[in-house]
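What follows draws every value from the coordinates through simple rules; no lab data is involved. Nothing here was measured: the structure is a model prediction, and the numbers come from that model. A quick note on method: Cβ atoms are made from the backbone with ideal geometry, for glycine too, and the neighbour counts reach across all protein chains shown.
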Amino acid sequence: MTRNLCQAATAGEFVPYFQPVVDLRSGSLAGFELLARQHHPIAGVIGPNSFIPDAENEGWINDLTFHLLEAALPAVADLPGKLFLAFNISTVQLHDPELPDAIRNLAERMSFPVDRLSVEVTESALLSDIKTARKIADRFRSFGCGLALDDFGTGYSSLKTLQALPFNILKVDRSFVSSMTTSKESRKIVAAVIGLGQSLEFSTVAEGIETQQENEMVDWLGCEFGQGWLHGKPVPPQALVAVASEFQSKRAPKRFAENLEFRRSLSRFDNPLHVRLAQLRSIYEAVPVGLAFVDCSERYLAINKRLADINAAEMVDHFGRSVNEMVPSIYPQVGPNLQRALRGESVLGSIVAGDPGLSGKERRFLVSYEPARDEGGEIVGASIAVLETNSLSTPLPTLFGQHSD
């Protein structure tokens, strides 16, 4: 250790800071991530990037970790509720076979339940000796500790990484979260990471949430937990009681902004992504209404058998082909309303008369068109619902709402 850092350690300049981690479903405080800070007498509060590399290279990273945990564990243990404490271990520590038992012993001495600890590692820390890392990770998990893969998606991401260690938490990197509102690509990456976590039955945590819009987007996608300046900046131990009290006193946040009226479904709160997809598939297969989803070029991306039968074509024959190609005889009636939906307008209960299957028989349909938007509100296609009305006795407006034509 350099002389300056020796002096800093002796003077007690290295202190734990705590950033709140919030349950996005309820808005309640779920736990904290433990962060390292140096209180320099001249420079003020210094972040970990200035001293962690030296701690790793010069062999005092374990001393620093235990110093911070000794102060952090009792501070969190005294708070109401079963809050977890997440902390990072470095590349060096992930290859120290004595580390798990040493941390467990420390937690027991501090009367902190070890199953409320969550160990966070980055993918780069796994590369040099995956077998040793696996043994250490298994040991932590045997105590009931959580194991989080941090900064997922930033460089080494692969399914092999997720398979290598017994992770149960996946953290979405802040660089993607912070650009979600302006970048469709970032939104797709965040959606993919959250969906991957759900399919593997991992908890998911979005880092770096700074705005309500970012918070709503990750919530909309089904992310379970969030952290970032919107929910609270890192604070020293003496501020923990005030932070916990503030979360207890404030009301749960609204689930979505009222001005985003296109978000009408609440099913996203109830089930993970793969379950919602299964629900959607069952609806498409069972409902006695023709259903389809088309992209912004009016090409079919999804269709059920009922609508394929109306169009007198196989379901698979629709994929990659446009509505105009599949039903040219009635497209002059369908096209204008479909284009209205692709511009963002809902068109409910439009009457279409004709013979889409060219059977020689005139038929009447009630058709609705609904714009589909991604998490950022950008239109990505349109949903189409078709109901044949020839044999129905129910008045048309009561089925789809007042029709527009």
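Per-structure values
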read-out	value
Segment 150-216: GluC sites (Glu not before Pro) falling in loop per DSSP and having at most 13 other Cβ within 10 Å	E201
Neighbour-count ranking [beta-carbon atoms within 10 angstrom, fewest first] of C223, C296	C296, C223
Approximate spin-label separation S142-K188, in nm, with each point projected 7 Å along Cα-to-Cβ	4.4 nm
Efficiency of FRET from Cβ geometry, I351 and K305, R₀ 41 Å, rounded to 0.05	0.95
Too-long pairs where the Cα-Cα distance tops 24 Å, listed order kept, from K82/K171; K82/K131; K82/K188	K82/K131; K82/K188
